[in-house]
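Here is the structure we will look at.
The values are calculated or read from the model by the stated rules, or taken from the named source; none is laboratory data. Keep in mind that what you see is a predicted model, and the values were worked out from it rather than measured. Here the Cβ is made from the backbone with ideal geometry for all residues, glycine too, and neighbour counts use every protein chain on show.
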Amino acid sequence: MPEWLVYNLVIAMTTFLVRALPFLLIRGPIRSPRLRAFLEMVPYATLAAMAFPDMVLSTGNTLSGLAGFLSAVLVGWLGGGLIRVAGAACLAVLVFELIL
Amino acid sequence: MRRELYQGMRAGLPVALGYLAVSFTLGLEATRAGLTAAQAALASLLTNTSAGQFAGFTAIAAGASLAETAFAQVVINLRYVLMSAGLTQKVAREASLPERLLIAFDVTDELFALGISREGRLQPAFYYGMMLVSIPCWVLGTFLGAALGALLPEVLLKAAGVALYAMFIAVIVPPARKSRKILLVCLAAMAMSWLLSALTELSAGLRVAIVALVLSGAAAWLPAGREDAHA
């Protein structure tokens, strides 16, 4: 088997195992209130940590990144859905990158 | 079932478009590791994960050992353990193990964000719908990125790349506005993530896993965090 394929199969297997493990171990509802409270907060903590500061730094220009981040937060706060939030962020980055 | 599938496809469409842009840069990286466009596309079909694949291609380019490559994957992807654990509680009770494992195959940051924020229980068909539109875009984008190289203007890629992060914001902001506890967790997570990225050399995946463990733990175990717990 060619080397690139072996490496990519290993990458695919390890990634799948990491993702599948909780589904294999946790079949039913979790009863512990603490564990439930923990899992309830996981999405918010992970998504917040993934968005910041990475979104600000992702464009390679802190100013345009910050503009994108702040527009997303603002539009989300005002009740815009997924598409509006994403659109606002893209637009803000485009405007900042093209003008500045 | 059909309606769920259709709704999933619709919900997944913006993610799919974002994937097209992100995987384009991934394809570029793959060519640096010596992969052809078809090989890169196959790699993206087998694994749908930006950070992990970037690290994988870098490892191949650097001639890292298989064990090193596998270990790096586990570390970078640790956050998926938390996401999958969250999804086990969200997915419809009657979902079978094969259905759950099919979902597990595509627990990406973005599909997790959409799946976990879906109202009520998550039906496997809804998740499949999202996979159905996002995986082809991920594969196609990787292929085009590897084949066409840097033909697209960089500024467009940058602007489109921001869209995926914006989705995370779109998912967390409305609940954070309603719940003080969620707002605090989000602000603390951003602050901690920023500190860790500025002060340490942690990979983004591991940093996110640490932040999530510490802050969700604090929210669940500290007395203040339990006050408005309604679980």
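Being under 20 Å from B:GLY8 (Cβ atoms) and at the interface with another protein chain (Cβ under 7 Å from one of its Cβ atoms): is that true of B:SER84 here?
yes
Quick one: which residue in B:ARG3, B:ARG79 is closer than 14 Å to B:TYR128 by Cβ and part of a helix (DSSP H, G or I)?
B:ARG3
Of the numbered conditions (1) surrounded by 24 or more Cβ atoms within 10 Å (Cβ to Cβ); (2) more than 11 Å from chain A (Cβ to nearest Cβ); (3) touching a Ser or Thr at 6+ places or on another chain (Cβ under 9 Å), B:GLU110 fails exactly one; give the number of that condition.
(2)
Can you confirm whether region B:17-25 contains a residue that is away from chain A (no Cβ under 11 Å) and of a type in the set (Phe, Trp, Tyr)?
yes
Scan region B:155-180 residue by residue and report those that are in contact with an Asp or Glu (Cβ under 9 Å, 6 or more places away or on another chain) and surrounded by fewer than 22 Cβ atoms within 10 Å (Cβ to Cβ).
Selection gives B:VAL155, B:SER179, B:ARG180.
From the set of residues in region A:26-36 that are at the interface with chain B (Cβ under 7 Å from one of its Cβ atoms) and not in a helix (DSSP H, G or I), which is modelled with the highest pLDDT?
A:ILE26
So which helices (runs of 4 or more DSSP H) are wholly in region A:39-100 and hold at least 3 residues that are in contact (Cβ under 8 Å) with a residue 24 or more places away in the chain?
A:62-77, A:82-99
In the set A:LEU57, A:LEU17, A:LEU39, which member is within 7 Å of chain B (Cβ to nearest Cβ) and either closer than 23 Å to B:PHE105 by Cα or under 15 Å from the mean Cα position of the chain (by Cα) (or both)?
None of the other options fit; the residue is A:LEU39.
For every residue, the table says whether it meets (1) away from chain A (no Cβ under 12 Å); (2) of a type in the set (Asp, Glu).
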{"residue": "B:GLU119", "(1), (2)": "yes, yes"}
{"residue": "B:GLY141", "(1), (2)": "yes, no"}
{"residue": "B:LYS158", "(1), (2)": "no, no"}
{"residue": "B:CYS186", "(1), (2)": "no, no"}
{"residue": "B:ALA191", "(1), (2)": "no, no"}
{"residue": "B:SER203", "(1), (2)": "no, no"}
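If I ask for residues that are at pLDDT below 95 and hydrophobic (A, V, I, L, M, F, W, C), which ones from region A:61-76 would you list?
Selection gives A:LEU63 alone.
Can you give me the number of residues within region B:53-73 that are more than 16 Å from B:LEU35 (Cα to Cα), facing another protein chain (nearest Cβ under 7 Å) and buried (at least 18 other Cβ atoms within 10 Å of the Cβ)?
Counting residues in region B:53-73 that are more than 16 Å from B:LEU35 (Cα to Cα), facing another protein chain (nearest Cβ under 7 Å) and buried (at least 18 other Cβ atoms within 10 Å of the Cβ) gives 3.
Please go through region B:147-185 and give me each residue that is among the basic types (Lys, Arg) and either in a loop (DSSP other than H, G, I, E, B) or more than 22 Å from A:GLY65 (Cα to Cα) (or both), ordered by number.
If the condition is that a residue be among the basic types (Lys, Arg) and either in a loop (DSSP other than H, G, I, E, B) or more than 22 Å from A:GLY65 (Cα to Cα) (or both), then B:ARG177, B:LYS178, B:ARG180, B:LYS181 are the ones that fit.
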